[in-house]
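The values are calculated or read from the model by the stated rules, or taken from the named source; none is laboratory data. Given the structure is predicted, the values throughout are model-derived calculations rather than measurements. Quick reminder, even Gly has a Cβ in these numbers, built from the backbone with ideal geometry, and neighbours come from all protein chains shown. Note: areas computed on protein heavy atoms with side chains; ligands, DNA, RNA excluded. Shrake-Rupley method; radii C 1.70, N 1.55, O 1.52, S 1.80 Å.
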Amino acid sequence: MKNNQSLYHETIKALLISAGLLILTISAGSAGFTLIEGYRLLDAIYMTVITMATVGFSEVVPLSDTGKIFTIFLIIFSLGIFGYVITQITRVIFEGVLHQSYKAYQLRKKIVKLEDHIIVCGYGRNGYQASVELAEHNEQYVIVEKRDHVITRILENPDNLYVQGDASSEEVLEAAQIRKAKALITALPNDADNMFVVLTASEMNPALKIISRASDFRSDTKLKRAGATNVIMPDRIGGQRMAKLVTQPDVVEFIEYILLQSAKDVQLMEISCSKLAVSNYKKTIRELKLREKSGANLVGIKTAEGAYIFNPSPDIEITPADKLFVLGAPGQISKFEHLLYDNERQVTDIDKIV
């Protein structure tokens, strides 16, 4: 797969070669007519150009036999060159090759600069929705897609960054800057394709968080063994949602409003305590007074062991290994984070704290 940068360079190279061949041929023809027929420089250039273009104009002065032989060879030699030059110029003007190549080159430059971004493999229904959600949460992402007609859809949004190619290819994932990415979402329709993507991605970046789509229930375990952090089954989620809409419709709508809508007044956010201030270490929720000071609600905790605590007791101590689930307005959540982190020193090594 040729990357966008090489496409741009190849277009420029073709134009430079065309210009070089044209100048070389005109120079050689002009020199020949000057030496053989004794033409003035302007007359020699004029004669060379009308010979190359085969327009049929008469000679400046009648040619000698040597001049006629030279002209024959000049016509034969220049026909191919002139045709190549016209073809390249036509491609640039009428097909916009240079413009497209330049845009592709600029796209590649933007992707190379990315860090801590998310790679979305596949731009079907799931991949599209994932991209929309990431954009609404101001996350940087790169789409990997190989189908030409889908690339056309991607281009409808000028903010989309993409790499065209097979997502299971190491070269394609390198172009998407996988070694600097923080997560990968593979939403391809085929479980086997997702498996190859997960295997390749986890090998190239072992620290990568990988979310994979799956259609077959039997693929869940296999994908996790291959390196997927989480496996999502849209059919199962859809079935559960439909049942919940019958039994608990308001609960479903309430949760979806918080999680799926781009609401500006409320968010449910995950906050890591890895940068917990030293002064807050081993303090209870009651002692920190997070709700009173920020206005945000602490609705859950994920402990270092991976256990989830819902509606945590005020007497639970917060540790740097915890992850907190906080519900509130953006400003309240931001203040909540400052209360946890904003101190002179932070806990950087849990084992060193007594």
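Normalised per residue, the accessible area of the chain is 60 Å², obtained with a 1.4 Å probe and no contribution from ligands, DNA or RNA.
Here the peptides 191-201, 106-116, 78-88, 271-281 are ranked by packing, the mean other Cβ count within 10 Å, and the order with the highest first is 191-201, 271-281, 78-88, 106-116.
Close amide-amide hydrogen proximity is noted between Cys121 and Val144, Ile185, Thr186, Ala187, each under 5 Å apart and 5 or more residues distant or on a separate chain (H modeled in the peptide plane; Pro and chain starts excluded). Calculate what fraction, in whole %, of the accessible area of region 156-230 sits on carbon and sulfur atoms when a 1.4 Å probe is rolled over the protein chains. Roughly 49 percent, rounded to a whole number.
Sequence-distant contacts, meaning Cα pairs under 8 Å at least 6 residues apart, place the relative contact order of the chain at 11 percent. Looking at the chain, the DSSP beta bridges with both ends there are about 45 percent antiparallel.
The ellipsoid equivalent to the alpha-carbon distribution of the chain has semi-axes of 67, 23, 18 angstrom, derived from the gyration tensor eigenvalues as √(5λ) and listed largest first. Positive end of the dipole of the chain (Cβ unit charges, origin at the Cα centre): among Ile17, Ile50, Val142, the Cα lying farthest that way belongs to Val142. Fully extending the segment from Gln129 to Glu253 would add 42.8 nm, taking 0.36 nm per residue of separation and subtracting the current Cα-Cα distance. Quick check: at a probe of 1.4 Å, how many percent of the accessible area of region 12-144 sits on carbon and sulfur atoms? Carbon and sulfur atoms account for 65 percent of the accessible area of region 12-144.
Peptides 249-255, 208-214, 15-21, 123-129 ordered by packing proxy, namely the average of other Cβ atoms within 10 Å per residue, highest first: 208-214, 123-129, 15-21, 249-255. Scalar couplings 3J(HN,Hα) for region 209-219, obtained by applying the Karplus form with A = 6.51, B = -1.76, C = 1.60 to θ = phi - 60°, are 7, 10, 10, 10, 7, 9, 9, 8, 4, 6, 7 Hz; x denotes Gly and Pro. Peptide packing for 153-164, 175-186 was compared via the average number of neighbouring C-beta atoms within 10 Å per residue; ordered from the highest value, the list is 175-186, 153-164. Note on Leu42/Lys113: beta-carbon distance plugged into 1/(1 + (r/R0)^6) with R0 of 41 Å gives a FRET efficiency of 0.20. Between Val278 and Glu305, residue separation times 0.36 nm minus the direct Cα-Cα distance comes to 7.6 nm.
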